[in-house]
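Below is one structure, written out as structure tokens, with a few remarks after it.
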Amino acid sequence: MLLGQAHDKECWALTNVKGQMEASTDKYAFVPDAFSNPMVLCFDDDNTGTVTGDDTRFVRFGASTLVGWVTNKGIELVETYQIDRVNGRVLFAKSRIGTATVLPGGPDVVSAFVGKATRIKE
């Protein structure tokens, strides 16, 4: 599908989302992490989307991908959610740089998560 095509609104329940997070402090090291609450991801019919608990503005790419980008006072954040429709999974990646411009000594972050994705019937 091309960006700009209309889509019907479609929502997915995201649960059991677990993965690894790495924060740049003295050394880079991944640690296990997880989301404690379920989320709902929606692809809207205007080539955008939303994820509960996340105020990032997302753009829809293709049938199954949301990408968001935010910049504020030198911090840059990129988030990507992808729905694996065949296996009922969500893939989530997040990276943030420039944190120290707002929080002296604050860590930059990179994360990768996988969880269960269940289509919500309307």
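For the range 54-122, which strands (runs of 3 or more DSSP E) that fit wholly inside it have 1 or more residues that are surrounded by 14 or more Cβ atoms within 10 Å (Cβ to Cβ) and of a type in the set (Phe, Trp, Tyr)?
Of the strands (runs of 3 or more DSSP E) lying wholly inside the range 54-122, those with at least 1 residues that are surrounded by 14 or more Cβ atoms within 10 Å (Cβ to Cβ) and of a type in the set (Phe, Trp, Tyr) span 54-61, 75-84, 89-97, 109-120.
Would it be correct to say that Asn16 is under 24 Å from Val114 (Cβ atoms), at pLDDT 95 or above and over 14 Å from the mean Cα position of the chain (by Cα)?
Answer is yes for this residue.
Please tell me if Ser36 is hydroxyl-bearing (Ser, Thr, Tyr) and either in contact with a helix residue (DSSP H, G or I) (Cβ under 7 Å, 6 or more places away or on another chain) or assigned to a loop (DSSP other than H, G, I, E, B) (or both).
yes
Taking the conditions exactly as written (under 17 Å from Ser111 (Cα atoms) and touching a Leu at 6+ places or on another chain (Cβ under 9 Å)), does Val17 satisfy them or not?
Considered against the rule, which asks whether it is under 17 Å from Ser111 (Cα atoms) and touching a Leu at 6+ places or on another chain (Cβ under 9 Å), Val17 comes out as no.
Identify all residues within the range 19-50 that are at pLDDT 90 or above, in contact with an Asp or Glu (Cβ under 8 Å, 6 or more places away or on another chain) and open to solvent by less than 50 Å² (accessible area, probe 1.4 Å); write none if there are none.
Residues satisfying the conditions are Gly19, Met39, Cys42, Phe43.
The values are calculated or read from the model by the stated rules, or taken from the named source; none is laboratory data. For clarity, every value in this text was computed on a predicted model and none was experimentally measured. Every residue, glycine as well, gets a Cβ built from its backbone with ideal geometry; the counts of neighbours run over all protein chains shown. Side chains included, ligands, DNA and RNA excluded: accessible areas come from the protein's heavy atoms. Shrake-Rupley method; radii C 1.70, N 1.55, O 1.52, S 1.80 Å.
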